[in-house]
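**Student:** If you scroll down you'll find the structure; I have some questions about it.
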Amino acid sequence: MSHFEILSLEGLRNDGRRWDEMRNFQCRIGIEPSENGSAFIELGNTKVLCIVDGPSEPVIKSKARADRTFVNVEINIASFSTIDVKKRFKSDRRIQLQCLALQNTFEEIIQTELYPRSQISVYLHVLQDDGAVMASCINATTLALIDAGIPVKDFVCCSTAGIVESDMLLDLNSLEESALSWLTVAVLGNIKKVVYMQLETSMHLDYLESVMNMAIAGSEHIYNTMQSAVRQSAKPALASLS
Amino acid sequence: MSTVSGLKRPQSSEKNHRDRVFVRATRGKVQKVVREQYLRNDIPCQSRACPLCRSKLPKDSRGNVLEPILSEKPMFLEKFGHHYLIPDSNIFYHCIDALEHPNNFFDVIILQTVFSEISSKSIPLYNRMKRLCQEKTKRFTPFSNEFFVDTFVERLDDESANDRNDRAIRNAASWFASHLASLGIKIVLLTDDRENARLAAEQGIQVSTLKDYVQYLPDSEILLDMVSAIADAIASKEQVESGTKNVYELHWSMSRLLACIKNGEVHKGLINISTYNYLEGSVVVPGYNKPVLVSGRENLNRAVQGDIVCIQILPQDQWKTEAEEIADDDEDVVVSTAAEPDSARINDLELITKRNAHPTAKVVGILKRNWRPYVGHVDNATIAQSKGGSQQTVLLTPMDRRVPKIRFRTRQAPRLVGRRIVVAIDLWDASSRYPEGHFVRDLGEMETKEAETEALLLEYDVQHRPFPKAVLDCLPEEGHNWKVPADKTHPLWKNRKDFRDKLICSIDPPGCQDIDDALHACVLPNGNYEVGVHIADVTHFVKPNTSMDSEAASRGTTVYLVDKRIDMLPMLLGTDLCSLRPYVERFAFSCIWEMDENANIIKVHFTKSVIASKEAFSYADAQARIDDQKMQDPLTQGMRVLLKLSKILKQKRMDEGALNLASPEVRIQTDNETSDPMDVEIKQLLETNSLVEEFMLLANISVAQKIYDAFPQTAVLRRHAAPPLTNFDSLQDILRVCKGMHLKCDTSKSLAKSLDECVDPKEPYFNTLLRILTTRCMLSAEYFCSGTFAPPDFRHYGLASPIYTHFTSPIRRYADVLAHRQLAAAIDYETINPSLSDKSRLIEICNGINYRHRMAQMAGRASIEYYVGQALKGGVAEEDAYVIKVFKNGFVVFIARFGLEGIVYTKSLSSVLEPNVEYVEDEYKLNIEIRDQPKPQTVQIQMFQQVRVRVTTVRDEHSGKQKVQITLVY
C-alpha cells in the first residue's frame, strides 16, 4: 500500500527529476539500412521504432490522388510494451484515431505534390511504453521521413506537459500520465508553429496556456537533439559527395 | 502568461541513470515493473551554514526558491557537539510523539529511505512526518538520498530489503558527516537496532539509541516517558518471550482472517462500544438485521472503540438482549501483568430465549486499529507514593468511557496526580490485561478551565492552534480599516449590485459577533413582495489555493464551546470584514426573491452586492419591535412582511412533512467577569428565530437548485437519508408496551403526523421526550458531491426538501464557502476554480468537513455537559426527570432542565441493605424492594416514568474529580 506522490516535499518527481526536466532523449537514424527510412527513439523507457517505405505505387488504387501522394500510417503496439501484457489490435479505435491524426499532420508537412499517384507508408512499432507514446511516434516519424530522403517542410517535434494542483510538469512518464491531466503538443521546429495538440483528460482553461508553453519549450529541446542527430547521420553521406 | 525559463538538460551519463526493476503481484497476476531513476548531483544538503549547496537551491514551477531549513548553529551537547539528527525508520514508527515535542528535537533530517519505509507501513504517520517538515519552527527537512548520486546504494544480491535500507541510511549519514565536517557540524544517527548501530560505529558515524540521546536533553524525564512502550517491549522480548499466561485468546493470523471472511465464517465490521458499558460492543454486519453484540472482556478480545474487527458469531443459545447491566466506573485495579480471574463483573450469562435476542459474537482478530492519543487522568490508586522519582507503572482512566484503562510507565508519577494527560496506546499483548501505552503530554490541572477545554478539543480532534503566519498573510493589508471602495468604477464593484439603500437588518442571538446573514423585504409596485437574504461575501477574501483556504478547509467549521469559540477564519474576517455589522458597508452575496401573497416564489435572482445593514437585532429585540404596534417605520414593516411570509413558508414545509424534532438545548448563564457558570436555562424559541430559519432554508434550497443545474456532477450539497425502519424497532416496542402508542415511520410526513398524535395528557413533557428519542433513531445529515449519488438520494429527510445545501454561514462553515464559489461561477461572476470542478478532490473535502462537523457537534455538547456539571458544583438540586432507559441494575434518567442524562444505580437507593431488584424485561420495568429501615417499600421504575431526582456533585476518590451523582427521591 505504498503511497504515491507526484511531487515530493523537496520538489522531486518519483523518478528523481525536477518539474522542468525531460527524460533522457536519444535518437538513432537509419538503423535499418535495408529500409527506405528508419529511426529509433528512446525517451526514458519509451522506445519507438519507425520504418518509412516509399514513395511507391499505392496498394489500394482507389486511394491514389492525381495531384499528390498520400501518407498511410500504421501503429503497432507490442503486447509486451506495457506492464500489463495485453494484445492490442490494429482495429482498436484509439489506435486508428491516432493513425489518422498522424496521417493528417504529416500530409501537411511532406511536400506531397512532388509525388503524384503514389503512397508513403509509415510503420510505427511501440516497443516499450512509459508515457509520451504519441509524442515519440511523431518524433520518430519525422526522423524516419528525413532518413528516407522525403522532402519535408520542417521538423515536427513533440513533447508532453501536465499539471498537478498548480504545479506544472514537463514530459510525464506513464505513472504520472495516469495520475494527472496532461497535453501533447507538436510544433514545427523552425518556425514554432503548433501543428498538433491532443488533450485526452480534462484541464482547466486557466492552466491550458501555461501548460502548452511548457510543452512547446520541451519540443524545442527535442528539436535541437533531433537536428544534431540528423546532421550526424548525414555526415558520411556528405563526405562521400565531396 | 508564464514563460518557461531555461530548461535543464537531462543528465545522460550512464552512471546517473538506471532502471529500477521489480516484480509485483496484483489481482492474481505477476507483473514485472521497470521504473526509471535519475541520480542527481544537485541535491542541496539543506543546511543554512553550507556555502557549497547555496548555488544548488532549486526553484519550483512558480519561480519560488526552496530555502534551506537546517539552522547554521544547531543544538550543542557535550557528547556530540553541534549536531543534526538522522533518525532511522523505527524511531519514527515508535516514537514520533517524542520527536513532535515542541521544545526538543530540532534540525532533524528525514531521509527519503525512511519516508518510503514509513509510507508503506502507515499513511497517517507519514502525514504526520510531512506536517513536521512543513512546520517552520521544528526545522525538519526531507532529504532525497535515493536520488542523490553520492548517497545512493544498490541492493546487493544476498541482501534483504531491510538491510539495504539500513545501509542506505548509514551511507547518507556518513555523507552528511563528511560534507559538514568543515563547518563544525556533526551528525548523530539515532537507531535502536543494535546491529545497525554497530555497523554505523564501524563506519565512524556518531550513533546513539533514542533513550541514550534523550538523557542528555534538558526535558529528559518527560521525553523518556514519551518513548513508546514498543521500544521497551522489543528490547525485553528476547529475555521474556515465554512464561506469561495469556489473558486473551490469540488473534488469528491475517491470512486466516482473510480466508475466513471470504467463506463467511467470520464477519468484519467496525466495533462500537456502548457508552453505558465499556465491556460491551456492537458490530453492524451485513446479513444480520440487528447489531451483533460482543460482550465481556474475553469476547471483546482487546478490541478498542472504532477498530475494524473480525467477529465469529456464537451459537444461538448464547444470544441475548442488549446491555442489561451498566458497568461501574470503579473497576478492580490491577497493575501486574499476571492475569487475574475476572471477578463477578461479567454478567452471569443466563440462558435466555427472548423475543428480541441479539446475536452475539466474539472477536477473533483485528484488521485495523483505530488507536489515537487518549486524554484522561491517572488512577491515583495505582501510584505508589514511596517510589519517588523512579519509574513505575500506572493506569490511565480515559475520558472517553468506551476506552479501557491504559497502562503506561512513567518516572514522573507523583507529579501526574490530578492532571489531565494524554497517553497513546502502543500495543496490546494477549498476556496483558490492559493495553500498554506511553505518556504524550500534560495538559494541566484537572477541573481547570484551560486543561478541560484543551482536553475536549484534543478528544474531538478540533484544530485549535493559532493561525499560522502564512494564513494571516492572506488577510487584506488594510486590516480593520478595510472599506468598500467609494468609487463605483473600482474593479471591485464590477458585477456587484448596489443595495446600500435597501432597508436591511440582521437578527441573531444576543452578543453575536460573526453576523453572516441579513434580510430585507419590501412591497413591489405590482403588489408582490421582494425578499432578500444577504450573506457575507467570504469568498471575496478567501480565495482558492491560498493557505487561508486550506486552513479553513482543514478546520471545516467553527467550533462553539460554552466559553470559547474556535474560529474557522481569522478574527479579522469573522467578526469584522465579513460580519454584516450594522451602519457599515459590506460586500455580500444576495439572494433576491419575488414572492406573492402566499409566499410562492415567482422569481429568484442571485448577485454579489454591497449592503449597509441598518440595524442588528437580537431575537428578542426583533420580536419586541414587531409586536410594538406604535412602530410603523418601513424597516419594522419590512420585518412584519418577513414574519408573515415565514409563517406561510413554515406551514408549507410542515405540510410537506418536515420534522419538528427536539433536542435538549440549554444555555449556560455565565458570570460576565470570570465566565464561571452561574445557571443553566433551556433555550427559548421566539417567532423571530423561525423567521430567520425559514428564509435561510429557502436560500439554501434555491442555491442548491442553482448550483446543481450549473454543475450536475460537482455541486456541493447536503443530504439527509431516511432512517431504516429497523432503527425504530426498539423505540416502537417500548412505546407499545408502556404507552400503547404507535409511530408511523414510513415517510417523514407520516412520522411528523404520528409524532404530533403521541401526546400523553397527563405528562406534557412526554411528547418532547419522544421527539428526543426519535431524533436518536435518525441518521445524520452529510455533505456530498452531487456526482456521487443519484438525484432521488439528494433528499433531505428532516427538512422534507428534495435538494439542499449550506450557503448561509460561510464565516463558520467551509461547505458554504464551496457553495459560494460554485454559485459565483454559476451566475458567471467569475470562472470556476479547477479545484471546484475536480470530483475526486471534492469528495475528499466533503468527507473531511463531514468529519469535522460531527466532531464539532460532539465537542460543543461535551462542553455544555462539563459546564452543567460545574454549575451544579457544591449545590444540591431536586429536579423532575424522566426514565429513558432501563437496565438490570439501574436506569438512565433525563433531566430536562439541565439537558443532562445520568445513571441511577439501584444499589444507590438504600444505604444499608442492598435492595432486591426484579427486572421485568418485557415491560421495561424495575420493581425495587427497598429493605432499609425505617420504611421498607417497593419502588417501581418504568420507561418514560417521571421521577424526582436529587442532583449533587461528589468527589471521586480514585480520580479526585468532581462527578455528577444522581439519586432517586422516593
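The values are calculated or read from the model by the stated rules, or taken from the named source; none is laboratory data. Worth saying up front: this structure is predicted, and the values here are computed from it rather than measured. Note that each Cβ is placed from the backbone with ideal geometry, even for glycine, and that neighbours are counted across all protein chains shown. For the accessible areas, the whole protein counts, side chains as well, though only heavy atoms, and no ligand, DNA or RNA atoms are used. Shrake-Rupley method; radii C 1.70, N 1.55, O 1.52, S 1.80 Å.
**Student:** When 1/r is averaged over all different Cα pairs and the result inverted, which Kirkwood radius in Å belongs to chain B?
**Tutor:** Result for chain B, one decimal place: 32.4 Å.
**Student:** Here is a further query. For n ≥ 4 DSSP H runs only, could you compute -39500 (n - 2.57) per run for the protein assembly as shown, divide by its residues and tell me the 222 nm figure to the nearest 500?
**Tutor:** Rounded to the nearest 500, the figure is -8500 deg cm²/dmol.
**Student:** What GluC sites (Glu not before Pro) in segment B:458-545 are in a loop by DSSP, with at most 11 other Cβ atoms within 10 Å of the Cβ?
**Tutor:** B:GLU477, B:GLU478
**Student:** Have a look at the DSSP beta bridges in segment A:102-242 and tell me what percent are antiparallel, nearest 5.
**Tutor:** 100 percent
**Student:** List the residues whose amide H sits under 5 Å from the amide H of A:ASN24, counting only those 5 or more places along or on another chain, with H placed 1.01 Å from N in the peptide plane.
**Tutor:** For A:ASN24, whose amide H was placed from the backbone, the distant partners under 5 Å are A:GLY44.
**Student:** Just tell me which lysines come within less than 21 Å, Cα to Cα, of A:LYS193; anything on the same chain fewer than 8 places away is out.
**Tutor:** In chain and number order, the partners are A:LYS153.
**Student:** Under the rule that an exposed site lies in a DSSP loop and has at most 14 other Cβ atoms within 10 Å, name the longest stretch of chain A with no chymotrypsin sites (Phe, Trp or Tyr not before Pro) of that kind, not counting the sites themselves.
**Tutor:** Free of exposed loop sites, the longest segment is A:90-242.
**Student:** Using +1 at the C-beta of Lys and Arg and -1 at the C-beta of Asp and Glu, which of B:GLN705, B:MET778, B:LEU685 has the Cα lying farthest in the positive direction of the dipole of chain B?
**Tutor:** B:GLN705
**Student:** So, one more: Excluding residues on the same chain fewer than 8 positions from B:LYS73, give the lysines whose Cα lies under 22 Å from its Cα.
**Tutor:** B:LYS56, B:LYS136, B:LYS138, B:LYS186
**Student:** So how do A:LEU241, A:LEU100, B:LEU645 rank on accessible area, 1.4 Å probe, biggest first, that is with the largest at the start?
**Tutor:** A:LEU241, A:LEU100, B:LEU645
**Student:** Given contacts defined as C-alpha pairs under 8 Å and at least six residues apart, what's the relative contact order of chain B, whole-number percent?
**Tutor:** Answer for chain B is 8 percent.
**Student:** List the pair-distance distribution P(r) of the protein assembly as shown, using every Cα-Cα distance, as the percent of pairs falling in each 10 Å bin from 0 up to the bin containing the longest distance, rounded to whole percents.
**Tutor:** Reading upward from the zero bin: 1, 7, 13, 17, 18, 17, 13, 8, 3, 1, 0, 0, 0, 0.
**Student:** Also, quick follow-up: Across 5 Å bins from 0, what is the distribution of all Cα-Cα pair distances for segment B:373-448, in whole percents?
**Tutor:** With a bin width of 5 Å, the distribution comes to 3, 17, 30, 26, 16, 6, 1, 0.
**Student:** Kindly provide the GluC sites (Glu not before Pro) of segment B:16-89 that DSSP labels as loop, not H, G, I, E or B, and whose Cβ sees at most 10 other Cβ atoms within 10 Å.
**Tutor:** Taking segment B:16-89 and a limit of 10 other Cβ atoms within 10 Å, the loop GluC sites (Glu not before Pro) found are B:GLU78.
**Student:** Apply the Karplus curve 6.51 cos²θ - 1.76 cosθ + 1.60, θ = phi - 60°, to the phi angles in segment B:915-920 and return the couplings in whole Hz, x for Gly and Pro.
**Tutor:** Once rounded to whole Hz, the list reads x, 7, 10, 10, 9, 8.
**Student:** For peptide B:35-43, compute the average count of partner chain beta-carbon atoms within 10 Å of each residue's beta-carbon.
**Tutor:** Across B:35-43, the average partner-chain Cβ count within 10 Å equals 5.
**Student:** Magnitude of the Cβ-charge dipole of segment B:26-83, K/R +1 and D/E -1, about the Cα centre, nearest 20 debye?
**Tutor:** 420 debye
**Student:** While we're on this one: At a Förster radius of 60 Å, what calculated FRET efficiency corresponds to the Cβ-Cβ distance of B:ASP150 and B:ARG415, to the nearest 0.05?
**Tutor:** Approximately 0.80, to the nearest 0.05.
**Student:** May I pose another question? Determine the relative contact order of segment B:873-969: mean sequence separation of Cα pairs under 8 Å and six or more apart, normalised by residue count, in whole percent.
**Tutor:** 29 percent
**Student:** HN-Hα J couplings of segment B:742-756 from phi, Karplus 6.51/-1.76/1.60, θ = phi - 60°, integer Hz, Gly and Pro as x?
**Tutor:** So the Karplus estimates, Gly and Pro as x, are 9, 9, 9, 10, 5, 10, 5, 5, 5, 5, 4, 5, 6, 5, 5 Hz.
**Student:** For B:HIS82, which sequence-distant residues (separation of 5 or more, or a different chain) have an amide H within less than 5 Å of its own amide H, given hydrogens modelled in the peptide plane?
**Tutor:** B:LEU77, B:LYS186
**Student:** Let me ask something else. Mind checking the mean number of beta-carbon atoms from other chains within 10 Å of the Cβ atoms in A:218-227?
**Tutor:** That average works out to 1.
**Student:** I would also like to ask the following. Give me the inter-chain shielding for B:124-130: mean count of other chain Cβ atoms within 10 Å, whole number please.
**Tutor:** Partner-chain Cβ atoms within 10 Å, mean over residues of B:124-130: 1.
**Student:** Before anything else, pin down the relative contact order of segment A:25-234: Cα pairs under 8 Å, at least 6 apart, normalised by residue count, whole percent.
**Tutor:** Computed value for segment A:25-234: 22 percent relative contact order.
**Student:** Also, I was wondering about something else. Among B:ILE91, B:LEU183, B:ALA201, which residue has its Cα furthest toward the positive end of the charge dipole of segment B:66-227, with +1 on Lys/Arg Cβ and -1 on Asp/Glu Cβ?
**Tutor:** My answer, from the dipole projection, is B:LEU183.
**Student:** Further question: Please sort through the DSSP H helices of chain A and keep those with an alpha-carbon extent of at least 20 Å along the long axis and a Kyte-Doolittle average not below 1.0.
**Tutor:** A:133-147
**Student:** Something else now. Note down the magnitude of the dipole of chain B about its Cα centre, charges +1 on Lys and Arg C-beta and -1 on Asp and Glu C-beta and zero elsewhere, to the nearest 20 debye.
**Tutor:** For this selection, approximately 2440 debye.
**Student:** Would you kindly derive the ³J(HN,Hα) couplings of segment A:55-66 from the backbone phi angles with the Karplus curve 6.51 cos²θ - 1.76 cosθ + 1.60 (θ = phi - 60°), listing them in order in whole Hz, with x for Gly and Pro?
**Tutor:** Listing the rounded values in order: x, 9, 6, x, 6, 9, 4, 5, 7, 5, 10, 5 Hz.
**Student:** Separate question: What is the set of long-range amide H partners of B:ARG441 at a cut-off below 5 Å, with H atoms built 1.01 Å from backbone N?
**Tutor:** For B:ARG441, the qualifying residues are B:VAL422.
**Student:** Is the C-alpha gyration tensor of segment B:873-969 telling us rounded, prolate or oblate? Criteria: a/c under 1.5 is rounded; beyond that, a/b larger than b/c is prolate, otherwise oblate.
**Tutor:** It is oblate, given that a/c is not under 1.5 and a/b is not larger than b/c.
**Student:** If you don't mind, another one. Run the 1.4 Å probe and let me know the accessible area of B:LYS744, rounded to the nearest 10 Å².
**Tutor:** Taking all protein chains as shown, B:LYS744 has close to 110 Å².
**Student:** Lysines near B:LYS925 by alpha-carbon distance under 20 Å, same-chain residues fewer than 8 away left out - which ones?
**Tutor:** Output for B:LYS925: B:LYS320, B:LYS354, B:LYS739, B:LYS762, B:LYS885, B:LYS888, B:LYS907.
**Student:** A further question follows. Which one, B:LEU635, B:SER618, B:MET654, is farthest towards the positive end of the dipole of segment B:614-658 when Lys and Arg carry +1 and Asp and Glu -1 on their Cβ?
**Tutor:** Checking the options against the dipole of segment B:614-658, the answer is B:MET654.
**Student:** Of all GluC sites (Glu not before Pro) in segment B:586-641, which ones are in loop regions per DSSP and have a Cβ with at most 14 other Cβ atoms within 10 Å?
**Tutor:** Sites meeting the loop and neighbour criteria: B:GLU597.
**Student:** Moving to a separate point now. Threshold 50 Å², probe 1.4 Å: give the residues of segment B:46-65, in number order, that are less accessible with all protein chains present than with their chain alone.
**Tutor:** Correct list: B:SER61, B:ARG62.
**Student:** Solvent-accessible area of B:ILE601, probe 1.4 Å, all protein chains present, reported in Å² to the nearest ten, please.
**Tutor:** Counting only protein heavy atoms, B:ILE601 exposes about 80 Å² to solvent.
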